[in-house]
Amino acid sequence: MRIIALIALLIALAVPAIAQEATGTITAINTDQQDADMAVRIREILDALGNYDDVTVLVDEGVVTLRGTATSLAEADALEPLVNRIEGVVAVRNSVTETTDVAARLNPAMERFRARFDQTVTMLPLLLIATAAFAVVVVIGFLIARQKLPFRKLAPNDFIADIYRQLIRLAALILGLVVALDIMNATALLTPILGAAGIVGLAIGFAVKDTVENFIASIMLSIRQPFRPNDAIEINGDEGKVIRLTSRATILLSYDGNHIRIPNSTVFKSRIVNFSRNAERRLRFEIGVSSDADLSVVRDLAEATVIGLPFVMQEPAPLVWIDRIGDGAVFLVVTGWIDQTETSLVRAKGEALRQVKDAIEASGVDVPDTTYRIQMVGSTTDTATDAQAPDLAPKRSAKTGDVAASNDEALEKMIDAERAETKRDDLLDSDGTSE
């Protein structure tokens, strides 16, 4: 019994709270005058809003009934929370639907267009002033960018100077836009405009990643200047003399007279061997001698021969060492230094090899020929005929051959002629500092 009484007490206490939460506070007395006043007040509000001419309002005992049509569902749904704010409203029955009348639905849009047109006409003088200010700032910026002297002094070459000019033009455009928006009191638009421009720029950057990488590499190479015109260099196995550095590629002239175009992004990331940076350059070759020869004597003889050559520098001194034992011969490595501004490397190497070979053979040491010969057994050729064959062996000469850099000079003339034709596109500075 006590449990039942406790449950009944809890239910009795909960019923008023549930009723109050569901219905709210409702006055005990309501008059027709109050209903009429609420109806008048709601109609006045709807008339002030202007989009509810077809909506009728009926109030009975505090319950508001709305009927009719609105130009959109959003306007129809907005009526219920609006009417609930009126004092004395008990409930709202919203039966307003969206109208199907085309003219009624177009009227608000036409009103908006008319209002915007009137606003544009009102703002037109201010818009003209803002446009004029934008044009003045941009023209001043472009005139500054057209000047050559200050940018040429600040930049290491014309390519970087052009980049400076482009940055000045871009800054003038942004500054003119800021001034124009500030005159129109619309600087809040600047953030989304710049944000959109940044997103577009990022997307374009990903789309043309290789082009952008090549452009940045061109800038870095033009600043660092790792080589100069006519320098003999090697890049990823491609060897030749530098013709020019453009905004897209490095152009070499191979020793066979062929043009080699290497993208600047590849040049910037690759190992560059510059053979022309130092005037001194080492020639190197190997020569084989008979294995039964006195190797120390042969080594000293080869070294003395190289030292005695007029085109070989005494400092750094030539060096000869025994390198390896090969097929039928022991091979020596012979090195010497030359001044490549006066001596051709390939001719000096060939002349040094000839002189060393002649000196070794003159001392009675054989320089074996490791070439294999095949003799046909049973040949009808008589040995006597072979004996009578003329001696075609070349005569030995102690005179030093011509090792002047005539071939390099010819290549340099070809390069100078090509550079003179398109000098404007070259990013290399012959007189500037290099890395």
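Segment 31-125: which trypsin sites (Lys or Arg not before Pro) are DSSP loop and have at most 13 other beta-carbon atoms within 10 angstrom? Each step should come with its number before you reach the end.
Details: sites: ARG41, ARG43, ARG67, ARG85, ARG93, ARG105, ARG112, ARG114, ARG116; in loops: ARG85.
The qualifying sites are ARG85.
Return the long-range amide H neighbours of GLY288 (sequence gap of 5 or more, or a different chain), with a cut-off of under 5 Å between placed amide H atoms.
Those lying under 5 Å, H to H, from GLY288 are LEU332.
Express the relative contact order of segment 165-290 as a whole percentage, based on alpha carbon pairs under 8 Å and six or more residues apart in sequence. Could you put the intermediate results ahead of the total?
Working: 123 pairs, mean separation 22.7, N = 126.
Reported as a whole number, the value is 18 percent.
Report the local net charge at ASN94: Lys and Arg +1, Asp and Glu -1, summed over other residues whose C-beta lies under 11 Å from its C-beta.
0
Over segment 198-259, average the accessible area per residue using a 1.4 Å probe and give it in Å², no decimals.
Averaged over the residues of segment 198-259, the accessible area is 49 Å².
Of all the accessible heavy-atom surface of segment 135-240, with the other protein chains kept in place and a 1.4 Å probe, what percent is carbon and sulfur?
Carbon-and-sulfur percentage of accessible area, whole number: 70.
So which chymotrypsin sites (Phe, Trp or Tyr not before Pro) in segment 262-349 end up in coil per DSSP with only 15 or fewer other C-beta atoms within 10 Å?
Of the chymotrypsin sites (Phe, Trp or Tyr not before Pro), the ones in loops of segment 262-349 whose Cβ has at most 15 other Cβ atoms within 10 Å are PHE275.
Just by accessible area at a 1.4 angstrom probe, what is the order of GLU361, GLU342 from largest to smallest? Walk me through the numbers on the way to the answer.
Working: GLU361 45, GLU342 130 Å².
Descending order: GLU342, GLU361.
I need to check one value: relative contact order of segment 208-362, counting alpha carbon pairs closer than 8 Å and at least 6 residues apart, in percent.
Across segment 208-362, relative contact order equals 19 percent.
Of LYS153/LYS269; LYS269/LYS413; LYS209/LYS241; LYS241/LYS269, which pairs sit farther than 22 Å apart, going by alpha carbon to alpha carbon?
Details: LYS153/LYS269 29 Å; LYS269/LYS413 30 Å; LYS209/LYS241 29 Å; LYS241/LYS269 19 Å.
Correct reply: LYS153/LYS269; LYS269/LYS413; LYS209/LYS241.
What order do LEU58, LEU149, LEU295 take when sorted by accessible area (1.4 Å probe), most exposed first?
Of LEU58, LEU149, LEU295, the descending order of accessible area is LEU149, LEU58, LEU295.
Leaving out ligands, DNA and RNA but keeping every protein chain, what accessible area does VAL55 have, in Å² rounded to the nearest 10, with a 1.4 Å probe?
20 Å²
Could you run the Karplus curve 6.51 cos²θ - 1.76 cosθ + 1.60 with θ = phi - 60° over segment 41-58 and give me ³J(HN,Hα) per residue in whole Hz, x for Gly and Pro?
4, 5, 4, 4, 5, 5, 5, 5, 5, x, 10, 10, 5, 9, 9, 9, 10, 10
Looking at segment 73-172, which GluC sites (Glu not before Pro) are DSSP coil and have at most 10 other C-beta atoms within 10 Å of their C-beta?
Counting only loop positions with at most 10 other Cβ atoms within 10 Å, the GluC sites (Glu not before Pro) in segment 73-172 are GLU87.
Can you list the residues, at least 5 places off or on another chain, whose amide H is less than 5 Å from the amide H of LEU428, using H built in the peptide plane?
Amide H neighbours of LEU428, under 5 Å, 5+ apart: LEU245.
What does the C-alpha gyration tensor say about the overall shape of segment 98-235? Classify as rounded when a/c is under 1.5, otherwise prolate if a/b is larger than b/c, or oblate. Provide the component values of the computation, followed by the final result.
Details: a/c = 5.21, a/b = 2.13, b/c = 2.44.
Oblate, since a/c reaches 1.5 and b/c is not below a/b.
The values are calculated or read from the model by the stated rules, or taken from the named source; none is laboratory data. Please read these numbers as outputs of a predicted model, since none were measured by experiment. Ideal geometry is used to build each Cβ from the backbone, glycine not excepted, and the neighbour counts take in all protein chains shown. For the accessible areas, the whole protein counts, side chains as well, though only heavy atoms, and no ligand, DNA or RNA atoms are used. Shrake-Rupley method; radii C 1.70, N 1.55, O 1.52, S 1.80 Å.
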